[in-house]
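This report refers to the structure that appears directly beneath it.
FYI, it's all coordinate maths here, none of it is from the lab. The model shown is predicted, which means the values in this text are computed figures rather than measured ones. A quick note on method: Cβ atoms are made from the backbone with ideal geometry, for glycine too, and the neighbour counts reach across all protein chains shown.
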């Protein structure tokens, strides 16, 4: 509890002070109310006998009513303040989780199962364990203060050992329940990977792939897969939780016996004349208050939150330990490449893989050069762009930009280099934002009207505008009011517009990875005609299976077997008669064979 209170103090000091103050006020009110009950019970017979005057009785009842009202008003105020504290903490939790996971200039940590498991433990069951638990801290704090204040009343009226025994019993019951929560957390820690597997079919079923889901009849398969992985992930946790509930209820039997003994002691003391009527009423009320303030389940929930909080606080250290950033010399690549990008004897394999994508790859791209890159599927063309952008460091060899080894750059310097790269990757994100935001996302300045007109014409986005009800302000997602969906080819034009605007904002390297994959024939022809104009004055790489897209590049490289096996202009490679010429011939034959009257399939 104190761990989460300290956390609340750091993120929302004012709300935490209010929560603690209300908890203290509630505990004091409960203690005073307990004493007042005894006084009222004792005063009624005296008042009826004429011993107590009316004004004293009215004052006593007024105090009783005020304290009763206070005990009813304070809990909702506590709940409201706890809710506010949870909201503020929720934002901080998001930033502490998203910062390490989304931060950094490389991506290996978000593909690391150890890091993902740590993040899952930090999120906790349901994803909001910390904020849920923090919202229960005021309840637990208030309950414990009520236990102590009621014990003080009971000890003063009876015997201190009775009060101490009841307090120890309540706290022991909480600790006993928390012990089983630790077993739950340990079980949970071993099942996070299975839970992540279960989330995949769950998200698909919610609409990530609605067409395939229905056309291929995948509903039953998704349900079976989800149930299999989810039950596998939760089975040990459920067993641990059932064991905790069963064994955790054992203190209840002892609680009944001890509380019954305390009440019996009070009755015997009253019969012997040691306790008066007021003391008897207040003592029994205090015993019930202590017993009723035991909160083992709330203590268990808070314990789960503490475990999630510790996992969250350890997340940056886990990432730093498994994926350290070099502390190399500072290098300013804010205007690179000014000379060239050079890959020297580069080898690379993805983390966790035993297959080399590249072995001793050498490549040089001159500043201002338009380079085309071709190769069969799986040759590593997209991976090569990730190495050049510094997303992954090479397993061996060096990637040099103007003579600076990217692997030696610290995160800030590497991020500055990445701001110089304007990519269209194959799996580009389709943001549920307006067209304007989709194009300007991540740019160094907002779009102007002149930018919109220029970018729309160069990228082909101008063809989309007549169908967008709100023009550049139209949200590109039909799930939003007034939004619309785009085809794959239309999204590709939006991605091209984003890359071109990044170039307008100062990026020096344009990477076009399969930029025509989803374009129709006319859009592809326009891209081919405009390619050299689009890349004029900057360094560029264009990757495509369609040889018509790369043939006008200053130089074309063929990637095969983890190396560059051919390099030259289109005419030079055709004359060479090697892999490029063979692949070009096979592709060209698709368009030259068959009927010329348009009646065939081609």
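Tabulated data
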read-out: Peptides ranked, highest mean first, by Cβ atoms within 10 Å: ranges 256-266, 407-417; value: 407-417, 256-266
read-out: Alpha carbon centroid spacing (whole Å) that separates the stretch 5-43 from the stretch 330-401; value: 63 Å
read-out: Theoretical FRET efficiency, 1/(1+(r/R0)^6), r = Cβ-Cβ of residue 79 and residue 415, R0 45 Å, to 0.05; value: 0.55
read-out: Per-residue Cβ neighbour rank within 10 angstrom, fewest leading, 350, 580; value: 350, 580
read-out: Percent antiparallel among DSSP beta bridges (both partners in the chain, rounded to 5); value: 55 percent
read-out: Enclosed volume per residue, in Å³, of the convex hull spanned by Cα atoms of the stretch 85-145; value: 85 Å³
read-out: Burial order of peptide ranges 4-11, 139-146, 100-107, 174-181 (average beta-carbon count within 10 Å, highest first); value: 139-146, 174-181, 4-11, 100-107
read-out: C-alpha center-to-center spacing [the stretch 297-324, the stretch 155-177] in angstrom; value: 32 Å
read-out: Cα-Cα pairs of the stretch 275-429 separated by more than 22 Å (percent); value: 60 percent
read-out: Burial ordering of 91, 116, fewest other beta-carbon atoms within 10 Å first; value: 91, 116
read-out: Relative contact order [Cα under 8 Å, 6+ residues apart], the chain, whole percent; value: 14 percent
read-out: Fewest-first ranking of 550, 318, using other Cβ atoms within 10 Å as the exposure measure; value: 318, 550
read-out: Mean Cβ neighbour count within 10 Å, used as a protection proxy, ranking 65-72, 36-43 highest first; value: 36-43, 65-72
read-out: FRET efficiency estimate (nearest 0.05) - Cβ-Cβ, residue 111 to residue 359, R0 35 angstrom; value: 0.95
read-out: Angstrom value of the Kirkwood radius, inverse mean 1/r, which spans all Cα pairs in the chain; value: 30.2 Å
read-out: Nearest 10 degrees, 0 to 90: helix 160-189 Cα axis against the chain principal axis; value: 20 degrees
read-out: Residue 160/residue 344 FRET efficiency (R0 56 Å; Cβ-Cβ; nearest 0.05); value: 0.10
read-out: Helical mean residue ellipticity (222 nm; -39500 (n - 2.57) per DSSP H run of 4+; nearest 500) of the chain; value: -20500 deg cm²/dmol
read-out: Gain upon complete extension [residue 70, residue 448; 0.36 nm per residue less C-alpha separation]; value: 130.1 nm
